[in-house]
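Right, one structure below, let's go through it.
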Amino acid sequence: MAASETSPPLDILVRGPEGFSLWNGPPFSNGQPGIKLENISCTSTKFSEDGSRLMVMKSDSVISIYDCSSYREIRSFQIPNVAAAALSPCGTYLQTFQKSSTPQEKNVILWNTETGDPVYQQFQKNMTKATWPSIRFSSDEAVACRLATNEIQFLDAGDFSKPFIYRLRVPGVAAFELSKAPGSHVAAFVPESKGIPASVQIFSCAKAVQSQPLARRSFFRCSSVQLHWNNGSTGLLVVVQSDVDKTNQSYYGESKLNYLTTDGTHEGLVPLRKEGPVHDVQWAYSGSEFAVVYGFMPSKATVFDKKCNPLLELGTGPYNTIRWNPKGKFLCLAGFGNLPGDMAFWDYVEKKQLGTTRAELSVISEWSPDGCYFMTATTAPRLQVDNGIKIFHHNGSLFFKKMFDKLYQADWKPESPDRFGDIAELVKSIGSLKVVETKPQGDRSKISQTSAKASASNPPAQKPAAYRPPHAKSAAAVQAQLFGESSTETVSKNALKNKKKREKQREKKAAEATSGT
(Lines give C-alpha, C1' and ligand atoms only; values in the text may rest on other atoms or scores of the structure.)
Protein backbone atom coordinates (compact mmCIF):
# COMPACT_ATOMS: atom_id res chain seq x y z
CA MET A 1 0.00 0.00 0.00
CA ALA A 2 2.98 2.29 0.60
CA ALA A 3 3.71 2.57 -3.13
CA SER A 4 0.18 3.63 -4.01
CA GLU A 5 0.07 6.25 -1.20
CA THR A 6 2.84 8.24 -2.88
CA SER A 7 1.33 7.77 -6.35
CA PRO A 8 -0.55 10.68 -8.00
CA PRO A 9 -4.34 10.39 -8.12
CA LEU A 10 -6.10 9.16 -11.28
CA ASP A 11 -8.39 11.80 -12.85
CA ILE A 12 -10.97 11.32 -15.62
CA LEU A 13 -12.15 14.08 -17.96
CA VAL A 14 -15.74 13.67 -19.18
CA ARG A 15 -17.30 15.97 -21.82
CA GLY A 16 -20.94 16.17 -22.86
CA PRO A 17 -23.22 18.76 -24.55
CA GLU A 18 -23.15 21.06 -21.48
CA GLY A 19 -19.35 21.06 -21.25
CA PHE A 20 -16.66 19.09 -19.42
CA SER A 21 -16.20 18.01 -15.81
CA LEU A 22 -13.40 16.21 -13.96
CA TRP A 23 -13.87 13.10 -11.86
CA ASN A 24 -11.69 11.52 -9.21
CA GLY A 25 -10.48 8.29 -10.75
CA PRO A 26 -10.69 4.80 -9.18
CA PRO A 27 -10.67 3.31 -6.63
CA PHE A 28 -13.96 5.03 -5.69
CA SER A 29 -14.75 5.35 -1.97
CA ASN A 30 -18.50 4.59 -2.19
CA GLY A 31 -18.82 3.06 -5.63
CA GLN A 32 -19.20 6.43 -7.38
CA PRO A 33 -16.54 8.92 -8.59
CA GLY A 34 -16.17 12.27 -6.81
CA ILE A 35 -16.41 15.47 -8.89
CA LYS A 36 -13.22 17.56 -8.88
CA LEU A 37 -14.49 20.22 -11.27
CA GLU A 38 -18.12 20.93 -12.17
CA ASN A 39 -19.36 21.49 -15.73
CA ILE A 40 -17.46 24.14 -17.72
CA SER A 41 -18.99 24.86 -21.14
CA CYS A 42 -16.68 24.24 -24.10
CA THR A 43 -16.49 22.84 -27.64
CA SER A 44 -13.37 20.67 -27.12
CA THR A 45 -10.65 19.88 -24.57
CA LYS A 46 -7.18 18.27 -24.66
CA PHE A 47 -4.53 17.52 -22.03
CA SER A 48 -0.87 18.22 -22.72
CA GLU A 49 1.22 15.05 -23.20
CA ASP A 50 2.60 15.19 -19.63
CA GLY A 51 -0.78 16.07 -18.06
CA SER A 52 0.42 19.38 -16.58
CA ARG A 53 -1.89 21.63 -18.66
CA LEU A 54 -5.40 21.40 -20.06
CA MET A 55 -6.50 23.29 -23.19
CA VAL A 56 -10.20 24.20 -23.34
CA MET A 57 -11.71 25.60 -26.54
CA LYS A 58 -14.74 27.68 -25.62
CA SER A 59 -17.29 29.32 -27.90
CA ASP A 60 -16.62 32.72 -29.53
CA SER A 61 -12.96 31.91 -30.35
CA VAL A 62 -11.75 31.78 -26.73
CA ILE A 63 -9.09 29.22 -25.73
CA SER A 64 -8.37 28.81 -22.01
CA ILE A 65 -5.38 27.07 -20.44
CA TYR A 66 -5.80 25.35 -17.05
CA ASP A 67 -3.09 24.29 -14.61
CA CYS A 68 -3.81 20.63 -13.83
CA SER A 69 -2.35 20.67 -10.31
CA SER A 70 -5.12 23.04 -9.13
CA TYR A 71 -7.46 23.10 -12.18
CA ARG A 72 -7.38 26.88 -12.14
CA GLU A 73 -7.49 28.88 -15.37
CA ILE A 74 -4.06 30.47 -15.85
CA ARG A 75 -4.45 32.11 -19.26
CA SER A 76 -7.13 32.89 -21.83
CA PHE A 77 -6.55 33.63 -25.54
CA GLN A 78 -9.00 35.40 -27.87
CA ILE A 79 -8.24 34.05 -31.38
CA PRO A 80 -10.78 34.86 -34.14
CA ASN A 81 -11.43 32.27 -36.91
CA VAL A 82 -9.42 29.61 -35.06
CA ALA A 83 -9.67 26.28 -36.89
CA ALA A 84 -7.27 24.14 -34.81
CA ALA A 85 -5.22 24.35 -31.62
CA ALA A 86 -2.66 22.12 -29.90
CA LEU A 87 -0.55 22.18 -26.72
CA SER A 88 3.17 21.36 -26.71
CA PRO A 89 4.11 18.17 -24.74
CA CYS A 90 4.94 20.04 -21.50
CA GLY A 91 2.21 22.65 -21.99
CA THR A 92 4.72 25.51 -22.42
CA TYR A 93 3.29 26.57 -25.80
CA LEU A 94 -0.12 26.79 -27.45
CA GLN A 95 -0.13 26.42 -31.24
CA THR A 96 -3.09 27.82 -33.22
CA PHE A 97 -4.17 27.71 -36.88
CA GLN A 98 -6.48 30.40 -38.30
CA LYS A 99 -8.14 30.50 -41.70
CA SER A 100 -6.17 32.93 -43.84
CA SER A 101 -6.57 34.35 -47.34
CA THR A 102 -3.15 35.90 -48.05
CA PRO A 103 0.43 34.66 -47.45
CA GLN A 104 1.21 38.03 -45.82
CA GLU A 105 -1.06 37.04 -42.96
CA LYS A 106 0.80 34.72 -40.58
CA ASN A 107 -1.91 32.25 -39.59
CA VAL A 108 0.06 29.67 -37.53
CA ILE A 109 1.05 31.19 -34.19
CA LEU A 110 2.98 29.72 -31.26
CA TRP A 111 1.97 31.34 -27.94
CA ASN A 112 3.73 31.15 -24.58
CA THR A 113 1.04 29.86 -22.17
CA GLU A 114 2.58 31.61 -19.13
CA THR A 115 3.03 35.12 -20.59
CA GLY A 116 0.39 34.98 -23.37
CA ASP A 117 2.91 36.39 -25.89
CA PRO A 118 3.27 35.09 -29.48
CA VAL A 119 6.81 33.69 -29.85
CA TYR A 120 6.68 32.39 -33.46
CA GLN A 121 4.49 33.03 -36.53
CA GLN A 122 4.33 31.53 -40.03
CA PHE A 123 1.94 31.15 -42.98
CA GLN A 124 0.40 27.78 -43.81
CA LYS A 125 -1.99 27.52 -46.75
CA ASN A 126 -4.05 24.57 -45.49
CA MET A 127 -4.09 22.11 -42.66
CA THR A 128 -4.54 18.32 -42.80
CA LYS A 129 -4.31 15.58 -40.19
CA ALA A 130 -0.85 14.68 -41.50
CA THR A 131 0.50 18.26 -41.35
CA TRP A 132 -0.95 19.36 -37.98
CA PRO A 133 0.46 20.42 -35.61
CA SER A 134 2.83 22.42 -37.87
CA ILE A 135 5.61 22.61 -35.27
CA ARG A 136 6.52 19.25 -33.70
CA PHE A 137 8.28 18.92 -30.35
CA SER A 138 10.18 16.13 -28.62
CA SER A 139 8.68 15.05 -25.25
CA ASP A 140 11.03 17.34 -23.28
CA GLU A 141 10.50 20.24 -25.80
CA ALA A 142 14.28 20.41 -26.37
CA VAL A 143 13.87 19.77 -30.13
CA ALA A 144 11.38 21.59 -32.37
CA CYS A 145 10.96 21.28 -36.15
CA ARG A 146 8.49 21.95 -38.95
CA LEU A 147 7.79 20.74 -42.50
CA ALA A 148 8.56 23.08 -45.41
CA THR A 149 8.77 22.53 -49.19
CA ASN A 150 11.41 19.82 -49.85
CA GLU A 151 12.90 20.21 -46.38
CA ILE A 152 12.48 19.86 -42.60
CA GLN A 153 13.45 23.01 -40.70
CA PHE A 154 14.81 22.80 -37.14
CA LEU A 155 13.95 25.71 -34.84
CA ASP A 156 15.78 26.97 -31.77
CA ALA A 157 13.52 25.65 -28.99
CA GLY A 158 14.97 28.22 -26.57
CA ASP A 159 14.60 31.23 -28.88
CA PHE A 160 11.89 31.20 -31.56
CA SER A 161 12.83 34.67 -32.86
CA LYS A 162 15.08 33.07 -35.52
CA PRO A 163 13.31 31.61 -38.61
CA PHE A 164 15.28 28.31 -38.19
CA ILE A 165 18.77 27.23 -37.11
CA TYR A 166 19.39 24.52 -39.74
CA ARG A 167 17.46 22.55 -42.33
CA LEU A 168 17.41 19.01 -43.64
CA ARG A 169 16.91 18.70 -47.42
CA VAL A 170 14.51 15.87 -48.36
CA PRO A 171 13.15 16.42 -51.92
CA GLY A 172 9.42 15.62 -52.15
CA VAL A 173 8.91 15.13 -48.39
CA ALA A 174 5.16 15.05 -47.58
CA ALA A 175 5.06 13.96 -43.92
CA PHE A 176 7.48 13.46 -41.05
CA GLU A 177 7.57 12.17 -37.48
CA LEU A 178 10.02 13.40 -34.84
CA SER A 179 11.03 10.79 -32.26
CA LYS A 180 9.68 11.78 -28.85
CA ALA A 181 11.97 10.54 -26.09
CA PRO A 182 14.68 11.53 -26.80
CA GLY A 183 14.14 13.82 -29.83
CA SER A 184 17.25 12.42 -31.51
CA HIS A 185 15.88 11.24 -34.88
CA VAL A 186 13.34 12.21 -37.51
CA ALA A 187 11.53 9.97 -40.03
CA ALA A 188 10.58 11.48 -43.41
CA PHE A 189 8.03 10.08 -45.88
CA VAL A 190 8.37 10.78 -49.62
CA PRO A 191 5.38 9.61 -51.72
CA GLU A 192 5.64 7.79 -55.07
CA SER A 193 6.40 10.13 -57.98
CA LYS A 194 7.03 9.60 -61.72
CA GLY A 195 7.70 5.88 -61.37
CA ILE A 196 10.05 6.31 -58.39
CA PRO A 197 8.75 4.26 -55.42
CA ALA A 198 7.71 5.89 -52.15
CA SER A 199 10.22 5.80 -49.28
CA VAL A 200 10.69 6.35 -45.56
CA GLN A 201 14.10 7.59 -44.40
CA ILE A 202 15.51 8.06 -40.89
CA PHE A 203 17.85 11.00 -40.22
CA SER A 204 19.72 12.12 -37.12
CA CYS A 205 18.59 15.44 -35.64
CA ALA A 206 22.21 16.40 -34.89
CA LYS A 207 23.27 19.06 -37.40
CA ALA A 208 26.74 17.55 -38.01
CA VAL A 209 25.55 14.10 -39.16
CA GLN A 210 22.07 14.68 -40.55
CA SER A 211 22.72 14.96 -44.30
CA GLN A 212 22.79 11.18 -44.97
CA PRO A 213 19.92 8.83 -43.99
CA LEU A 214 20.77 6.27 -41.28
CA ALA A 215 18.11 3.89 -42.62
CA ARG A 216 15.88 3.79 -45.70
CA ARG A 217 13.07 1.63 -47.05
CA SER A 218 11.27 1.92 -50.42
CA PHE A 219 7.69 0.84 -51.13
CA PHE A 220 5.79 0.17 -54.34
CA ARG A 221 2.00 0.68 -54.30
CA CYS A 222 2.02 3.02 -51.30
CA SER A 223 -0.76 5.59 -50.73
CA SER A 224 -0.04 6.57 -47.12
CA VAL A 225 2.05 5.58 -44.09
CA GLN A 226 1.71 5.55 -40.30
CA LEU A 227 4.98 6.13 -38.42
CA HIS A 228 5.38 4.77 -34.86
CA TRP A 229 8.57 5.57 -32.87
CA ASN A 230 9.45 3.61 -29.73
CA ASN A 231 10.52 5.06 -26.38
CA GLY A 232 14.30 5.42 -26.59
CA SER A 233 14.13 6.40 -30.29
CA THR A 234 15.89 3.26 -31.54
CA GLY A 235 13.16 1.71 -33.71
CA LEU A 236 10.46 2.86 -36.13
CA LEU A 237 7.42 0.81 -37.20
CA VAL A 238 5.96 1.82 -40.58
CA VAL A 239 2.45 0.72 -41.58
CA VAL A 240 2.31 1.09 -45.37
CA GLN A 241 -1.19 1.39 -46.81
CA SER A 242 -2.13 1.10 -50.49
CA ASP A 243 -5.62 1.91 -51.82
CA VAL A 244 -5.68 -1.08 -54.18
CA ASP A 245 -5.12 -4.73 -53.27
CA LYS A 246 -3.52 -6.42 -56.30
CA THR A 247 -4.66 -9.85 -55.07
CA ASN A 248 -8.33 -8.66 -54.96
CA GLN A 249 -8.72 -10.14 -51.48
CA SER A 250 -9.69 -6.89 -49.76
CA TYR A 251 -11.97 -4.01 -50.78
CA TYR A 252 -9.99 -1.70 -48.45
CA GLY A 253 -6.63 -2.14 -50.18
CA GLU A 254 -3.66 -3.79 -48.52
CA SER A 255 -1.26 -2.90 -45.70
CA LYS A 256 2.20 -4.09 -44.73
CA LEU A 257 4.26 -3.61 -41.56
CA ASN A 258 7.91 -2.57 -41.93
CA TYR A 259 10.53 -2.09 -39.23
CA LEU A 260 13.59 0.18 -39.38
CA THR A 261 16.24 0.75 -36.71
CA THR A 262 18.33 3.90 -36.24
CA ASP A 263 21.55 1.85 -36.20
CA GLY A 264 20.67 0.33 -39.61
CA THR A 265 20.64 -3.29 -38.35
CA HIS A 266 17.06 -3.90 -39.54
CA GLU A 267 15.33 -2.54 -42.64
CA GLY A 268 12.51 -4.78 -43.82
CA LEU A 269 9.13 -6.41 -43.33
CA VAL A 270 8.00 -7.74 -39.96
CA PRO A 271 7.47 -11.53 -40.47
CA LEU A 272 3.70 -11.80 -39.94
CA ARG A 273 2.32 -15.35 -40.08
CA LYS A 274 -1.07 -14.62 -41.62
CA GLU A 275 -2.19 -12.96 -44.86
CA GLY A 276 -4.28 -9.82 -44.61
CA PRO A 277 -4.28 -6.23 -43.31
CA VAL A 278 -2.40 -4.78 -40.33
CA HIS A 279 -5.23 -3.71 -38.00
CA ASP A 280 -3.24 -2.17 -35.13
CA VAL A 281 0.28 -1.96 -33.74
CA GLN A 282 1.63 -0.61 -30.44
CA TRP A 283 5.02 -0.37 -28.76
CA ALA A 284 5.45 -1.38 -25.11
CA TYR A 285 6.28 1.56 -22.81
CA SER A 286 9.78 0.06 -22.37
CA GLY A 287 10.39 0.44 -26.13
CA SER A 288 11.81 -3.09 -26.37
CA GLU A 289 8.72 -5.02 -27.61
CA PHE A 290 5.77 -4.33 -29.87
CA ALA A 291 2.41 -6.03 -30.39
CA VAL A 292 0.57 -6.42 -33.74
CA VAL A 293 -3.01 -7.44 -34.67
CA TYR A 294 -3.08 -8.61 -38.29
CA GLY A 295 -4.64 -10.86 -40.93
CA PHE A 296 -8.09 -11.52 -42.37
CA MET A 297 -10.77 -12.28 -39.76
CA PRO A 298 -10.41 -14.05 -37.40
CA SER A 299 -7.24 -11.98 -37.01
CA LYS A 300 -4.03 -13.02 -35.25
CA ALA A 301 -2.05 -11.14 -32.55
CA THR A 302 1.67 -11.51 -31.84
CA VAL A 303 4.22 -9.80 -29.58
CA PHE A 304 7.69 -9.27 -31.13
CA ASP A 305 11.02 -8.17 -29.67
CA LYS A 306 13.30 -5.43 -31.11
CA LYS A 307 14.85 -7.95 -33.52
CA CYS A 308 11.42 -8.98 -34.92
CA ASN A 309 11.49 -12.36 -33.16
CA PRO A 310 8.01 -13.51 -32.02
CA LEU A 311 7.85 -13.68 -28.21
CA LEU A 312 4.19 -14.48 -27.51
CA GLU A 313 1.17 -15.55 -29.58
CA LEU A 314 -2.10 -14.07 -28.30
CA GLY A 315 -4.29 -16.38 -30.38
CA THR A 316 -6.89 -15.56 -33.03
CA GLY A 317 -10.35 -13.97 -32.83
CA PRO A 318 -12.54 -11.05 -33.95
CA TYR A 319 -9.92 -8.44 -32.96
CA ASN A 320 -8.64 -5.19 -34.53
CA THR A 321 -7.27 -3.25 -31.50
CA ILE A 322 -4.30 -3.78 -29.17
CA ARG A 323 -3.73 -1.73 -26.01
CA TRP A 324 -0.53 -2.29 -24.04
CA ASN A 325 -0.68 -1.45 -20.36
CA PRO A 326 1.73 1.45 -19.49
CA LYS A 327 3.53 -0.67 -16.88
CA GLY A 328 4.12 -3.39 -19.53
CA LYS A 329 2.53 -6.25 -17.57
CA PHE A 330 -0.96 -6.47 -19.14
CA LEU A 331 -2.33 -6.38 -22.69
CA CYS A 332 -5.89 -5.90 -23.90
CA LEU A 333 -6.82 -7.39 -27.26
CA ALA A 334 -10.17 -6.10 -28.55
CA GLY A 335 -12.51 -5.91 -31.55
CA PHE A 336 -14.10 -2.46 -31.80
CA GLY A 337 -15.62 -0.40 -34.62
CA ASN A 338 -17.59 -2.76 -36.88
CA LEU A 339 -16.77 -5.77 -34.62
CA PRO A 340 -18.88 -6.97 -31.64
CA GLY A 341 -16.55 -5.62 -28.90
CA ASP A 342 -14.92 -8.83 -27.60
CA MET A 343 -11.98 -8.18 -25.25
CA ALA A 344 -9.26 -10.57 -24.06
CA PHE A 345 -6.94 -9.54 -21.19
CA TRP A 346 -3.45 -11.05 -21.04
CA ASP A 347 -0.69 -11.12 -18.43
CA TYR A 348 2.40 -10.62 -20.59
CA VAL A 349 4.86 -11.44 -17.78
CA GLU A 350 3.14 -14.73 -16.88
CA LYS A 351 2.24 -15.40 -20.57
CA LYS A 352 -1.37 -16.32 -19.80
CA GLN A 353 -4.89 -15.07 -20.51
CA LEU A 354 -6.60 -13.52 -17.46
CA GLY A 355 -10.16 -13.24 -18.73
CA THR A 356 -12.49 -12.26 -21.55
CA THR A 357 -15.48 -9.94 -21.66
CA ARG A 358 -17.31 -7.68 -24.10
CA ALA A 359 -17.73 -3.89 -24.48
CA GLU A 360 -20.09 -3.39 -27.41
CA LEU A 361 -20.03 -0.21 -29.54
CA SER A 362 -16.84 1.13 -27.93
CA VAL A 363 -15.36 4.14 -29.73
CA ILE A 364 -12.41 4.89 -27.43
CA SER A 365 -10.39 2.63 -25.12
CA GLU A 366 -7.34 3.23 -22.93
CA TRP A 367 -5.47 1.92 -19.86
CA SER A 368 -5.19 4.11 -16.77
CA PRO A 369 -1.69 5.58 -16.24
CA ASP A 370 -1.08 3.25 -13.26
CA GLY A 371 -1.95 0.25 -15.48
CA CYS A 372 -4.64 -1.20 -13.16
CA TYR A 373 -7.84 -0.17 -15.00
CA PHE A 374 -9.07 -0.23 -18.59
CA MET A 375 -11.69 2.29 -19.72
CA THR A 376 -13.92 2.04 -22.81
CA ALA A 377 -16.43 4.67 -23.93
CA THR A 378 -19.21 4.93 -26.50
CA THR A 379 -19.26 8.51 -27.75
CA ALA A 380 -21.05 10.84 -30.17
CA PRO A 381 -20.97 11.83 -33.00
CA ARG A 382 -19.71 8.34 -33.99
CA LEU A 383 -22.66 6.75 -32.18
CA GLN A 384 -25.72 8.71 -31.11
CA VAL A 385 -27.23 6.01 -28.85
CA ASP A 386 -26.03 3.94 -25.87
CA ASN A 387 -23.40 6.55 -24.94
CA GLY A 388 -21.53 5.69 -21.77
CA ILE A 389 -18.34 4.79 -19.90
CA LYS A 390 -17.20 1.38 -18.67
CA ILE A 391 -14.16 0.80 -16.44
CA PHE A 392 -12.73 -2.73 -16.12
CA HIS A 393 -10.17 -4.25 -13.77
CA HIS A 394 -6.88 -5.45 -15.32
CA ASN A 395 -8.39 -8.97 -15.63
CA GLY A 396 -11.53 -7.87 -17.52
CA SER A 397 -14.07 -7.86 -14.65
CA LEU A 398 -16.38 -4.81 -14.73
CA PHE A 399 -15.61 -2.22 -12.06
CA PHE A 400 -17.84 0.75 -12.99
CA LYS A 401 -20.44 1.68 -15.60
CA LYS A 402 -22.32 4.93 -16.29
CA MET A 403 -24.67 5.76 -19.17
CA PHE A 404 -25.18 9.23 -20.73
CA ASP A 405 -27.80 10.75 -23.04
CA LYS A 406 -24.88 12.19 -25.01
CA LEU A 407 -21.14 11.78 -24.39
CA TYR A 408 -18.43 13.36 -26.55
CA GLN A 409 -15.19 12.53 -24.73
CA ALA A 410 -13.73 10.46 -21.87
CA ASP A 411 -9.98 10.66 -21.13
CA TRP A 412 -7.61 9.67 -18.35
CA LYS A 413 -5.43 12.60 -17.24
CA PRO A 414 -1.93 11.67 -18.51
CA GLU A 415 0.73 10.78 -15.93
CA SER A 416 4.14 9.22 -16.34
CA PRO A 417 3.88 5.48 -15.51
CA ASP A 418 7.20 5.89 -13.64
CA ARG A 419 5.35 7.91 -10.96
CA PHE A 420 3.37 4.82 -9.93
CA GLY A 421 4.59 1.88 -7.87
CA ASP A 422 5.15 -1.67 -9.06
CA ILE A 423 1.93 -2.93 -10.64
CA ALA A 424 1.86 -6.15 -8.60
CA GLU A 425 1.80 -4.06 -5.37
CA LEU A 426 -0.85 -1.73 -6.79
CA VAL A 427 -3.08 -4.65 -7.82
CA LYS A 428 -2.63 -6.19 -4.35
CA SER A 429 -3.56 -2.91 -2.59
CA ILE A 430 -6.65 -2.51 -4.82
CA GLY A 431 -7.62 -6.09 -4.00
CA SER A 432 -7.56 -5.26 -0.28
CA LEU A 433 -9.87 -2.26 -0.89
CA LYS A 434 -12.57 -4.51 -2.39
CA VAL A 435 -13.57 -5.72 1.10
CA VAL A 436 -15.09 -2.32 2.00
CA GLU A 437 -16.99 -1.90 -1.26
CA THR A 438 -20.71 -1.11 -1.10
CA LYS A 439 -23.16 -3.93 -1.87
CA PRO A 440 -24.43 -2.68 -5.25
CA GLN A 441 -20.89 -2.48 -6.53
CA GLY A 442 -20.09 -5.97 -5.23
CA ASP A 443 -23.20 -7.25 -7.04
CA ARG A 444 -22.10 -5.47 -10.19
CA SER A 445 -18.64 -7.01 -10.12
CA LYS A 446 -20.21 -10.48 -9.56
CA ILE A 447 -22.47 -9.99 -12.56
CA SER A 448 -19.53 -8.84 -14.64
CA GLN A 449 -17.49 -11.86 -13.56
CA THR A 450 -20.27 -14.25 -14.55
CA SER A 451 -20.67 -12.43 -17.87
CA ALA A 452 -16.91 -12.66 -18.34
CA LYS A 453 -17.08 -16.41 -17.62
CA ALA A 454 -20.04 -16.80 -19.95
CA SER A 455 -18.29 -14.98 -22.76
CA ALA A 456 -15.18 -17.08 -22.12
CA SER A 457 -17.14 -20.34 -22.46
CA ASN A 458 -19.18 -19.11 -25.43
CA PRO A 459 -17.36 -18.56 -28.71
CA PRO A 460 -17.50 -14.84 -29.73
CA ALA A 461 -19.86 -14.86 -32.71
CA GLN A 462 -20.73 -17.46 -35.33
CA LYS A 463 -19.77 -16.68 -38.90
CA PRO A 464 -22.86 -15.99 -41.03
CA ALA A 465 -23.46 -18.66 -43.69
CA ALA A 466 -22.61 -17.73 -47.26
CA TYR A 467 -25.52 -16.66 -49.49
CA ARG A 468 -26.94 -19.50 -51.64
CA PRO A 469 -29.39 -18.80 -54.49
CA PRO A 470 -32.73 -20.73 -54.56
CA HIS A 471 -31.70 -23.08 -57.38
CA ALA A 472 -28.61 -24.10 -55.40
CA LYS A 473 -30.81 -24.93 -52.38
CA SER A 474 -33.08 -27.20 -54.43
CA ALA A 475 -30.00 -28.79 -56.04
CA ALA A 476 -28.64 -29.49 -52.56
CA ALA A 477 -31.96 -31.13 -51.62
CA VAL A 478 -31.84 -33.37 -54.71
CA GLN A 479 -28.23 -34.25 -53.96
CA ALA A 480 -29.17 -35.07 -50.36
CA GLN A 481 -31.93 -37.43 -51.56
CA LEU A 482 -29.56 -39.11 -54.04
CA PHE A 483 -26.95 -39.77 -51.38
CA GLY A 484 -29.45 -40.71 -48.70
CA GLU A 485 -28.64 -37.64 -46.56
CA SER A 486 -31.15 -35.44 -44.71
CA SER A 487 -31.79 -32.14 -46.49
CA THR A 488 -31.90 -28.81 -44.62
CA GLU A 489 -34.93 -27.69 -42.65
CA THR A 490 -35.78 -24.79 -45.00
CA VAL A 491 -35.76 -27.05 -48.06
CA SER A 492 -38.04 -29.63 -46.38
CA LYS A 493 -40.48 -26.84 -45.41
CA ASN A 494 -40.64 -25.61 -49.00
CA ALA A 495 -41.09 -29.15 -50.28
CA LEU A 496 -43.93 -29.67 -47.80
CA LYS A 497 -45.61 -26.45 -48.90
CA ASN A 498 -45.39 -27.43 -52.59
CA LYS A 499 -46.71 -30.93 -51.84
CA LYS A 500 -49.75 -29.46 -50.05
CA LYS A 501 -50.35 -27.07 -52.98
CA ARG A 502 -50.28 -29.94 -55.46
CA GLU A 503 -52.67 -32.00 -53.34
CA LYS A 504 -55.10 -29.06 -53.08
CA GLN A 505 -54.99 -28.57 -56.87
CA ARG A 506 -55.70 -32.29 -57.43
CA GLU A 507 -58.64 -32.17 -55.01
CA LYS A 508 -60.00 -29.05 -56.76
CA LYS A 509 -59.76 -30.69 -60.19
CA ALA A 510 -61.43 -33.87 -58.89
CA ALA A 511 -64.26 -31.79 -57.33
CA GLU A 512 -64.78 -29.86 -60.63
CA ALA A 513 -64.88 -33.16 -62.59
CA THR A 514 -67.53 -34.73 -60.33
CA SER A 515 -69.73 -31.58 -60.35
CA GLY A 516 -69.48 -31.52 -64.20
CA THR A 517 -70.64 -35.10 -64.53
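Accessible area of ARG419 (1.4 Å probe, protein heavy atoms only, ligands and nucleic acids ignored): about 130 Å².
Entry note: segment 183-330 has Rg to Rh equal to 0.98, where both radii use alpha-carbon atoms and Rh is the Kirkwood radius.
Within the shell defined by Cβ-Cβ distances under 11 Å, the residues around GLY268 carry a net charge of +1, with Lys and Arg each +1 and Asp and Glu each -1. Fully extending the segment from THR128 to SER211, taken as 0.36 nm per residue of separation minus the present Cα-Cα distance, adds 27.1 nm.
Can you give the local net charge around GLY335? Use residues other than it whose beta-carbon is closer than 11 angstrom to its beta-carbon, Lys and Arg +1, Asp and Glu -1. Net charge around GLY335: -2.
Here segment 70-84 and segment 169-236 have alpha carbon centers that stand 34 Å from each other. Once the chain from ARG72 to LYS499 is taken as fully extended at 0.36 nm per residue, the excess over their C-alpha distance is 145.7 nm. Take segment 55-176 with all the other protein chains still there, run a 1.4 Å probe, and you get 47 Å² of accessible area per residue. Surface analysis of segment 263-382 yields an accessible area of 37 Å² per residue, using protein heavy atoms and a 1.4 Å probe. At a 1.4 Å probe, what is the % contribution of carbon and sulfur to the accessible area of segment 1-69? Carbon and sulfur: 49 percent of the exposed surface of segment 1-69. In segment 220-372, carbon and sulfur make up what percent of the accessible area (probe 1.4 Å)? Ligands and nucleic acids excluded, carbon and sulfur give 49 percent. Could you give the C-alpha radius of gyration of segment 39-122 expressed as a fraction of 2.2 N^0.38 Å, taking N as the number of residues it contains? Scaled against compact globular proteins, the figure is 1.05. Across segment 227-380, the mean sequence separation of Cα contacts (distance under 8 Å, 6 or more residues apart), normalised by length, yields a relative contact order of 12 percent.
Remark: relative contact order (segment 91-154) = 21 percent; criterion is Cα-Cα distance under 8 angstrom and separation of 6 or more residues.
Of the solvent-accessible surface of segment 94-158, computed with a 1.4 Å probe and all protein chains present, 50% belongs to carbon and sulfur.
With a cut-off of 10 Å between beta carbons, the residues surrounding GLN409 carry a summed charge of +1, where Lys and Arg count +1 and Asp and Glu -1.
The values are calculated or read from the model by the stated rules, or taken from the named source; none is laboratory data. Since the structure is predicted, the reported quantities are computational estimates derived from the model, not experimental observations. Cβ sites come from the backbone with ideal geometry, for glycine too, and all protein chains shown count toward neighbours. Calculation scope for accessible area: heavy atoms of the full protein, side chains included, ligands and nucleic acids excluded. Shrake-Rupley method; radii C 1.70, N 1.55, O 1.52, S 1.80 Å.
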